[in-house]
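The values are calculated or read from the model by the stated rules, or taken from the named source; none is laboratory data. Keep in mind that this is a model prediction, so the values were computed, not measured. Heads up, the Cβs are rebuilt from the backbone with ideal geometry, glycines too, and the neighbour counts pull from every protein chain shown. Quick note on the areas: whole protein, heavy atoms, side chains included, nothing else; ligands and nucleic acids left out. Shrake-Rupley method; radii C 1.70, N 1.55, O 1.52, S 1.80 Å.
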Amino acid sequence: MAVLRELVVFPSKCLRGVRSYFLSAPLFQNGFLKLNESVSKDGHALDLEQSDTKKISKAMKSYMERAKIHDNFIKQQLHEYNIGKRHLANMMGKDPEFFTQADVDEAIRYLFPSGLFDPRARPMMKHPDEIYPKRKAAEFDVNGRPYHSLFYTSKPNYYTLMHDLAVKFKQLDRHEDKIISRGIQDQKPTELFLFGSEWIPKQKVENVLLETLTDAQYENLIKTFERFSQHPYSALEKDFIMQFRRQLAAQVEIQQVPELMRDESGRPYMTYNTRRKTSNAAVKVIGQGTGVISINGNDIHFFQREQDKKQIIFPLQFSDMLGKVDVVATVDGCGTSAQSGAIRLGISMCLRSFVNAETIERMRLAGLLSFDPRTRERKKPGQAGAREKFTWKKR
Amino acid sequence: MIRFSPTGTVFRVWRRFSSWSANTMPITETITDTFRTNELDPMNHRKDHDGCFYSISQSVKKQLFTGGGLPKEYKELSETLNGLSIMVRKPAIELITYLNKTNFDAPVTRYVLYGKTGSGKSISLAHILHYGSNAGMVLVHVPWVPNWVRFPKGCTPSVIHPNMYDHPIESVEWLRHFSTQNGLLMQKLELKTTETYTWSKREMTAAGSPLSELIDLGMNRAKYATDCVAALLGELKKAAVSKRCRVLVVIDGFNAFFSPRSKVQREDKSIVLPTEFVLTDAFLSLTRNDWTNGAIVVSVDASALPLELRESPLPRYQLGKQGFEHLDPFIPIEVPNYSEKEFHSQIDYYIERNWLQQPKARTDRGRAELSFTSGNHPLSLMKLVAPY
C-alpha cells in the first residue's frame with residue numbers, strides 16, 4: 001500500500017515542473033504566450049529508489065538523472081552566490097540580509113574597477129538564473145508518453161505557435177464575414193500599424209520558444225506573421241503580434257507640430273522656410289485646394305527634369321494629400337536638384353499640420369522630415385578637386 | 001476587398017493564408033465610357049461635346065492632312081493607336097460657334113489662337129480645318145510657317161519682284177497641298193481667272209482659264225510656283241468677294257512671318273527678313289480684312305520665333321508691333337491646358353486604346369500623379385505616357 005500511495009502522490013509532489021508544463025497547455029491563453037520556462041526549481045527530490053522502477057520508462061529515467069545533475073549544479077551555484085553576496089556585504093559594511101543585486105553590482109564596480117569597454121567583459125556577479133540558460137522541463141510522463149500532441153514534431157512549441165496563428169487567422173476571417181453579413185461595410189477595418197518596430201530575430205524567438213529553429217523555419221514563421229498582420233482586422237490581435245516585435249531605435253519624439261493658420265478667406269495654411277545646399281525655399285501649403293502648384297509664379301514645369309517633379313510630388317503622394325492642397329513656393333539659388341529638394345522638405349514640414357500623427361511618423365521614417373545637410377566639398381590645394389588628384393607622371 | 005456575386009450577395013475575397021499571393025492587392029480601374037462622341041461632323045459640335053473625342057475617317061485624314069497639319073508626334077501616335085481621333089475642346093467649340101454665326105457679308109474676321117507650346121493649337125486648327133471642309137469652304141492652309149523661314153529648301157531672288165525672294169520648292173509643295181485639300185471642291189466650283197498672267201515670253205495664263213490651270217502650271221514649273229501661289233490667293237480673294245466661293249484661311253505659326261530673322265542669306269551674307277519673301281507678301285495680303293465672304297484663323301506660338309523671343313505666349317508679344325498692327329482688330333482665343341474633364345477624357349482614351357498599360361497608372365492615384373507631373377499640359381502628358 002505504501003508503494004501505491006507513493007505512486008499516487010508522486011507526480012504532484014516530485015515533478016511539479018513537469019506538471020506545470022502539462023497544465024499550461026494550450027500554450028497560448030488570452031492571446032498571451034505562456035511559456036513554460038521553469039526548470040523544476042524547487043528541486044526534484046527524485047528518490048526513485050522508493051518507487052517501482054519497472055514502471056518508469058528509460059527516457060524518464062535518463063531525464064531525471066540529467067535533471068538531478070543540473071539541479072544539484074544550480075543549487076551549488078546558488079549557494080556560492082549567496083555566500084559571495086554575504087562576503088561582499090561584509091566587505092562593504094552593509095547588512096547581508098538586505099543586500100540586493102544592485103548593491104552587488106555597485107560593490108563589484110567598486111572593488112574590481114575595470115577599464116574594459118564592453119560591459120559584458122567586465123567582472124560581474126549575477127544570480128545563476130541569469131547566467132545559466134533555462135532548460136525545458138520533461139515533456140513526457142513516467143511511462144514515457146508525451147504530454148504534448150505535437151511532441152513528435154520535435155519542436156512542439158514552434159508548431160503550436162504556427163497552429164495558433166492559423167486558428168487566429170480564421171477567427172479574424174470569421175469576424176470579417178460577420179461584419180460583411182451584417183452590412184456594416186462602411187466600418188473601416190483596423191489594420192495593425194507596424195511602423196517603428198520589427199520582427200524579433202531568430203535568436204530571440206528561440207529563447208522564447210526554448211527550441212532551436214532552422215533558418216527556413218524562422219523565415220516561415222515571420223512570413224506567416226506578416227501575412228497575419230496584413231489582415232484587415234489584425235489590430236484585434238495586436239497584443240499577440242507585438243510579443244514578436246521589438247521597437248526600432250528609440251523613436252525621436254515628434255517635434256511640436258505648429259497649429260494651422262487661417263487666411264482672410266478662412267482657408268487653412270502653413271508656411272515653412274528651408275534650404276538645401278545653397279538654395280533657399282519659402283513654401284506655403286494651403287488647405288481646401290485642388291492641387292494647384294506655383295513655383296516662382298510658374299506651374300510644375302518650372303522644373304524641366306522628371307526627377308525634380310517627382311521630388312515635389314513625393315511628400316504629397318506619400319501623405320495622400322495630392323489634389324487636396326495647393327502649394328505656393330518661391331525658391332532661389334543653386335541648381336534644380338537643390339531647389340526641388342528644398343521645396344520637398346518645405347512641403348513635407350508644412351504637411352505635418354494637415355495629417356495625423358501616424359502619417360507624420362510614416363513620413364519621418366521615409367526620411368521626408370529630415371534636413372539634408374550635404375553640401376559641396378571644397379577643393380583642396382595640391383589636388384585637382386575635392387578628392388581628385390592631379391595626373392601623376394613619373395617624369 | 002469585397003466581392004459581389006451576380007445575385008448581389010456579398011462575399012469576402014478569398015484570401016489565401018498559405019501563399020504570398022495574398023499580398024497582391026486587386027487594382028481597381030476607373031474608365032468612363034463618355035469620352036467619345038458619335039457626332040462626327042464638326043459643324044454640329046456644341047458645348048455638350050466638350051472634352052469628347054471624335055474620330056476622323058481615313059479618307060478625310062488623307063484629304064486634309066497629307067501635306068501637313070498635324071504635329072509629327074501626334075500623327076505618329078494616331079497611326080500607332082490605329083485611327084485619328086481629335087478631342088473637341090473649348091477653343092474649337094468657341095470658334096465653330098463664331099463661324100456658324102458669322103455674317104459673311106461683312107469684312108473677314110481674324111481669329112488668333114494663342115497659348116503655351118504644346119497646349120493644342122495645331123490640333124484645334126486641324127479641327128477647324130475639318131469644319132471648313134465639311135462646310136464647303138475653300139481651304140487655304142499653311143501647316144507650319146516656320147518651315148519657310150527657318151529651313152527653306154531653296155530660296156532664290158524673285159525675277160518679277162525686285163529685292164524679293166521666292167520659295168520654289170515650298171511653293172510647289174504648298175500648291176500640291178492645296179489641290180489635295182480642295183481638288184474635288186475646285187472641280188465643282190469651276191473658278192476662272194480674272195486677269196491674264198504673263199510668266200515669260202512664251203508662257204502665259206489667259207483670263208477666263210480655270211484656276212486648276214494656274215495650279216498645274218505652278219506645280220510643273222517650280223520657277224513660277226511662288227508667283228502662282230500669289231496669283232491663286234488673289235484670285236480666291238476676288239472669287240470670295242464675288243460670292244462664288246467661301247474661303248477659310250488657316251495658318252499655323254503665323255508669327256513666324258514677323259520673325260526678326262530667317263535662315264536665308266543674300267550673297268553678301270546679310271539676312272533676308274521673312275517680310276521680304278514673296279510668299280509672306282501673298283499671305284499677308286490674304287490676311288488683311290479688305291475682303292468678304294471668308295474667315296481667317298491663325299495661331300501664334302513661341303516655338304515659331306527664335307529662342308530669345310519665347311518669354312510670353314500672348315499675341316502682342318508673339319506678333320510684335322508690326323504683326324499686331326497688321327492683324328488688328330482680331331479676336332484672341334486662348335488654348336489653355338486641359339481642364340479636369342478633358343484630362344480624364346484623354347486618359348480614358350489612352351486606356352481604351354491600350355496605350356496606358358501600367359496597371360497602377362490606370363487607378364485614381366495614378367491619374368492624380370499624371371495630372372500633377374504633367375501639369376495638365378497636353379504635350380507633357382503625351383510624352384509622359386509614351387513608353388520612352
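Taking B:Thr180 as the residue in question, decide whether it is of a type outside the set (Asp, Glu) and touching a strand residue (DSSP E or B) at 6+ places or on another chain (Cβ under 6 Å).
no
May I ask you to list the residues in the range A:289-308 that are within 40 Å of the chain's Cα centre (by Cα) and without any contact (Cβ under 8 Å) to a residue 24 or more places away in the chain?
Correct list: A:Glu306 only.
If I filter the range A:304-325 down to residues being of a type in the set (D, E, K, R) and within 8 Å of chain B (Cβ to nearest Cβ), which single residue comes out as least open to solvent (accessible area, probe 1.4 Å)?
Ranking the candidates gives A:Lys309 first.
Going residue by residue through the range A:335-353, is there one that turns out to be at positive phi and of a type in the set (A, V, I, L, M, F, W, C)?
Within the range A:335-353, none of the residues are at positive phi and of a type in the set (A, V, I, L, M, F, W, C).
Output the number of residues of the range B:315-325 satisfying the condition of being open to solvent by less than 90 Å² (accessible area, probe 1.4 Å) and without any contact (Cβ under 8 Å) to a residue 60 or more places away in the chain.
2
All but one of (1) at pLDDT below 85; (2) within 14 Å of chain B (Cβ to nearest Cβ) hold for A:Asp173; which doesn't?
With respect to (1) at pLDDT below 85; (2) within 14 Å of chain B (Cβ to nearest Cβ), A:Asp173 is out only on (1).
Out of the range A:326-341, which residues are free of Cβ contacts under 8 Å to residues at least 40 places away in the same chain and either of a type in the set (Lys, Arg) or within 14 Å of chain B (Cβ to nearest Cβ) (or both)?
Within the range A:326-341, A:Ser340 is the sole residue that qualifies.
Here is a check on your reading of the model: is B:Arg202 closer than 30 Å to B:Ile96 by Cα and either in a loop (DSSP other than H, G, I, E, B) or of a type in the set (Lys, Arg) (or both)?
For B:Arg202, the condition - closer than 30 Å to B:Ile96 by Cα and either in a loop (DSSP other than H, G, I, E, B) or of a type in the set (Lys, Arg) (or both) - is not met.
For residues that are surrounded by fewer than 17 Cβ atoms within 10 Å (Cβ to Cβ) and within 14 Å of another protein chain (Cβ to nearest Cβ), scanning just the range A:205-221, find the one that is farthest from the chain's Cα centre (by Cα).
A:Asn220
Residues in the range A:117-138: is at least one in contact (Cβ under 8 Å) with a residue 60 or more places away in the chain, among the small types (Gly, Ala, Ser) and either surrounded by fewer than 16 Cβ atoms within 10 Å (Cβ to Cβ) or at negative phi (or both)?
yes
Is it the case that some residue within the range A:142-162 is open to solvent by less than 60 Å² (accessible area, probe 1.4 Å), away from every other protein chain (no Cβ under 13 Å) and over 30 Å from A:Thr224 (Cβ atoms)?
For the range A:142-162, residues open to solvent by less than 60 Å² (accessible area, probe 1.4 Å), away from every other protein chain (no Cβ under 13 Å) and over 30 Å from A:Thr224 (Cβ atoms): present.
Output the residues belonging to the range B:277-304 that are surrounded by 24 or more Cβ atoms within 10 Å (Cβ to Cβ) and over 17 Å from B:Leu248 (Cβ atoms).
B:Phe277, B:Leu279, B:Val300, B:Asp301, B:Ala304
Would you please name the residue that is most open to solvent (accessible area, probe 1.4 Å), looking only at residues in the range B:335-358 that are more than 14 Å from every other protein chain (Cβ to nearest Cβ) and among the hydrophobic types (A, V, I, L, M, F, W, C)?
That would be B:Trp355.
Wholly within the range A:195-307, which strands (runs of 3 or more DSSP E) include no fewer than the required count, namely at least 1 residues that are touching a Ser or Thr at 6+ places or on another chain (Cβ under 7 Å), modelled with pLDDT of 95 or more and not hydroxyl-bearing (Ser, Thr, Tyr)?
Of the strands (runs of 3 or more DSSP E) lying wholly inside the range A:195-307, those with at least 1 residues that are touching a Ser or Thr at 6+ places or on another chain (Cβ under 7 Å), modelled with pLDDT of 95 or more and not hydroxyl-bearing (Ser, Thr, Tyr) span A:268-276, A:279-286.
Is there a residue being under 15 Å from B:Lys121 (Cα atoms), in contact with a Pro (Cβ under 7 Å, 6 or more places away or on another chain) and either in the same structural domain as B:Lys263 (by the TED database) or open to solvent by less than 60 Å² (accessible area, probe 1.4 Å) (or both) anywhere in the range B:359-378?
Within the range B:359-378, not a single residue is under 15 Å from B:Lys121 (Cα atoms), in contact with a Pro (Cβ under 7 Å, 6 or more places away or on another chain) and either in the same structural domain as B:Lys263 (by the TED database) or open to solvent by less than 60 Å² (accessible area, probe 1.4 Å) (or both).
A:Lys134 passes all but one of (1) within 14 Å of chain B (Cβ to nearest Cβ); (2) among the basic types (Lys, Arg); (3) not in a helix (DSSP H, G or I); which number fails?
A:Lys134 satisfies every listed condition except (1).
Would you be able to tell me the number of residues in the range B:262-297 that are farther than 23 Å from B:Cys155 by Cα and among the acidic types (Asp, Glu)?
Number of matching residues: 1.
Return yes or no: is A:Gly385 free of Cβ contacts under 8 Å to residues at least 12 places away in the same chain, open to solvent by less than 20 Å² (accessible area, probe 1.4 Å), more than 14 Å from chain B (Cβ to nearest Cβ) and of a type in the set (Gly, Ala, Ser)?
Spelling it out, A:Gly385 is indeed free of Cβ contacts under 8 Å to residues at least 12 places away in the same chain, open to solvent by less than 20 Å² (accessible area, probe 1.4 Å), more than 14 Å from chain B (Cβ to nearest Cβ) and of a type in the set (Gly, Ala, Ser).
I'd like the full set of residues that are of a type outside the set (S, T, N, Q), touching a helix residue (DSSP H, G or I) at 6+ places or on another chain (Cβ under 7 Å) and without any contact (Cβ under 8 Å) to a residue 40 or more places away in the chain, limited to the range A:311-325.
Answer for the range A:311-325, where residues must be of a type outside the set (S, T, N, Q), touching a helix residue (DSSP H, G or I) at 6+ places or on another chain (Cβ under 7 Å) and without any contact (Cβ under 8 Å) to a residue 40 or more places away in the chain: A:Ile312, A:Ile313, A:Leu316, A:Met321, A:Leu322, A:Gly323.
Just need a number here: residues in the range B:274-295 that are within 13 Å of B:Asp227 (Cα to Cα) and part of a helix (DSSP H, G or I).
Final tally of qualifying residues: 6.
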